[in-house]
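J.: Just dropping this structure here.
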Amino acid sequence: MELARSLHACGSPAYELDLEMEQVSASLGHEASFFSTPTALFVTFGGDETRLLRVYPSDTNLGRYAALFELQRAIQEEQMDVSEAWQRLTEINEMKDGYGPAIQIASHGGVAACISVLVGGGGMVVLSAGVIGLIVGTFVVWLTHLRHQVHLINVVAGFIASSIACGIQAFVGPGNFELTSLAALILLVPGLHLTISINELATQNLASGSARFAGAMTTLLTIVFGVSMGYGLVNAIRPIPASMPLDSPDLLASALVLLPIGLCVAVTFRTRYRDIPWLLISTLVGYGALRLAGTTFGSFASVGIASFVAGVTSHFASKRLGIPTAVMLLPALLLLVPGSLGFSGFSQIMVQEDLPTGIRLTATMMLTAVSIVAGLLLTDVVVSRSDKQSFEPELKSPKL
């Protein structure tokens, strides 16, 4: 039960957590069924006794998740006894949680500047996004340290990013406050949680998927509400001029910022130092597959293909390297998830009062999430068949 709680705290989705814990229980000689949601974990032992654990949604922690993954393998493959496993689990839960505040703040600024380059922002937009990202990161780290509620942090971050970006555009010079605000807030936008919720719904984890989807949408709305407040404040002081159009993203510039984005993502996901190279490789694989597929297929098909490539790559890397699939899969998906589309859609509705454009972007967000999930489901089919074929010779070898 404590192992299940620890996995949930690291951000493990329901379709992985339930199956993994049932396998661990079987390895320990106990029959147990697990049912997880973002706020509760039910465990039934032997069909008679049922326990309830109250849990809380939390951010992804790949460093601790990788350590828990190694503990699961030791229990299942090396037959680690319960007392030794309990001691190891206690050590994992007492591990240092993530990176220092300065590195976290720097990752907010770095990823903001790199994302603005990735979508075709000019020099003014890139500089503004980087500086605002540092300011937002400072407030997020500070408010998190004071243990404020997540939705309050989202509103404050959205207000700060929007008011500064709009102020620069109104008083300093031409820019694009929508892109600047989005880039500065990109690490808070719940695109990954939205995609995981759709995947949970597709795998019939309806309770967990519905709750996670509602949480992701609420987070998105609170961020956009803060952005709307910041825009209204600046616009009341001085009218904000129209935003400059974006340039087409340069391929060389996009390739150069992928590694910095990967490093910032490693800080965000609290990845172990020895897993960072694999995380960077997954970032290159995911974005490279997206760009290559985009030369032939449409946008939704390209996203699905990139998701499939990332899923297959992360699975085989997990088998060869002994690391969790999430170490390579989640960073690759982060460049594909549709959180920015949802942010832009709600911003068009609440800030610009452009309902048709907002609805179109919101619908595009949902279709993009479905494309990602389709690629992941296809990955499960290919991977399961591959595992079955590789397992069959082992069954036949004793007869030879």
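J.: So residue 190 fits all but one of (1) within 24 Å of residue 257 (Cβ to Cβ); (2) open to solvent by 70 Å² or more (accessible area, probe 1.4 Å); what number is the exception?
T.: Just one mismatch for residue 190, condition (2).
J.: Just name the residue that is most open to solvent (accessible area, probe 1.4 Å) out of those in region 34-69 that are of a type outside the set (A, V, I, L, M, F, W, C) and in a strand (DSSP E or B).
T.: Per the stated criteria, the residue is 54.
J.: Follow-up question, since we're still on this one. Somewhere in region 275-289, is a residue farther than 30 Å from residue 61 by Cα and buried (at least 19 other Cβ atoms within 10 Å of the Cβ)?
T.: No, because not a single residue in region 275-289 is farther than 30 Å from residue 61 by Cα and buried (at least 19 other Cβ atoms within 10 Å of the Cβ).
J.: Would you confirm whether or not region 167-178 contains a residue that is closer than 19 Å to residue 345 by Cβ, touching a Leu at 6+ places or on another chain (Cβ under 8 Å), of a type in the set (A, V, I, L, M, F, W, C) and touching a residue at least 24 places away in the same chain (Cβ under 8 Å)?
T.: no
J.: Pull up region 360-391, narrow it to residues that are within 17 Å of residue 319 (Cα to Cα) and of a type in the set (D, E, K, R), then point me to the one that is modelled with the highest pLDDT.
T.: Filtering region 360-391 for residues that are within 17 Å of residue 319 (Cα to Cα) and of a type in the set (D, E, K, R), the one modelled with the highest pLDDT comes out as 380.
J.: Does region 262-270 include one or more residues that are of a type in the set (Lys, Arg) and without any contact (Cβ under 8 Å) to a residue 24 or more places away in the chain?
T.: Checked against the condition, which is being of a type in the set (Lys, Arg) and without any contact (Cβ under 8 Å) to a residue 24 or more places away in the chain, region 262-270 yields no hits at all.
J.: For residues in region 82-118 being open to solvent by 40 Å² or more (accessible area, probe 1.4 Å) and part of a loop (DSSP other than H, G, I, E, B), which is nearest to residue 11 (Cα to Cα)?
T.: Looking at the filtered set, the residue picked out is 97.
J.: Separate question: Look at region 165-180 and say how many of its residues are surrounded by fewer than 22 Cβ atoms within 10 Å (Cβ to Cβ) and either within 26 Å of the chain's Cα centre (by Cα) or more than 19 Å from residue 113 (Cα to Cα) (or both).
T.: Going through region 165-180 one residue at a time, the tally reaches 2.
J.: Inspect region 333-340 for any residue being open to solvent by less than 30 Å² (accessible area, probe 1.4 Å), in a helix (DSSP H, G or I), in contact with a Leu (Cβ under 9 Å, 6 or more places away or on another chain) and in the same structural domain as residue 232 (by the TED database) and give the result as yes or no.
T.: Yes: region 333-340 contains one or more residues that are open to solvent by less than 30 Å² (accessible area, probe 1.4 Å), in a helix (DSSP H, G or I), in contact with a Leu (Cβ under 9 Å, 6 or more places away or on another chain) and in the same structural domain as residue 232 (by the TED database).
J.: In this structure, does residue 137 turn out to be touching an Asp or Glu at 6+ places or on another chain (Cβ under 6 Å), of a type outside the set (D, E, K, R) and either in the same structural domain as residue 245 (by the TED database) or not in a helix (DSSP H, G or I) (or both)?
T.: In short, no.
J.: On to the next question. Here are some conditions: (1) modelled with pLDDT of 90 or more; (2) touching a His at 6+ places or on another chain (Cβ under 6 Å). Residue 308 meets all but one. Which one does it not meet?
T.: The number of the failed condition is (2).
J.: Let me ask you something else. Out of (1) more than 16 Å from the chain's Cα centre (by Cα); (2) aliphatic (A, V, I, L, M); (3) closer than 30 Å to residue 37 by Cβ, what's the single condition that is false for residue 234?
T.: (3)
J.: Let me ask another. Would you check which residues across region 232-262 are open to solvent by 90 Å² or more (accessible area, probe 1.4 Å) and part of a helix (DSSP H, G or I) and list them?
T.: 237, 251, 252, 256
J.: State the number of residues belonging to region 198-231 that are over 21 Å from the mean Cα position of the chain (by Cα) and surrounded by fewer than 14 Cβ atoms within 10 Å (Cβ to Cβ).
T.: 0
J.: Exactly one condition in (1) touching a Phe, Trp or Tyr at 6+ places or on another chain (Cβ under 7 Å); (2) assigned to a loop (DSSP other than H, G, I, E, B); (3) surrounded by 15 or more Cβ atoms within 10 Å (Cβ to Cβ) is false for residue 30; which is it?
T.: Against the list (1) touching a Phe, Trp or Tyr at 6+ places or on another chain (Cβ under 7 Å); (2) assigned to a loop (DSSP other than H, G, I, E, B); (3) surrounded by 15 or more Cβ atoms within 10 Å (Cβ to Cβ), residue 30 comes up short only on (3).
The values are calculated or read from the model by the stated rules, or taken from the named source; none is laboratory data. Because the structure is a prediction, the values reported are computed rather than measured. Methodologically, a virtual Cβ is constructed for each residue, glycine included, from the backbone with ideal geometry; neighbour enumeration extends over all protein chains shown. Protein only, heavy atoms only, side chains kept; ligands, DNA and RNA dropped before computing areas. Shrake-Rupley method; radii C 1.70, N 1.55, O 1.52, S 1.80 Å.
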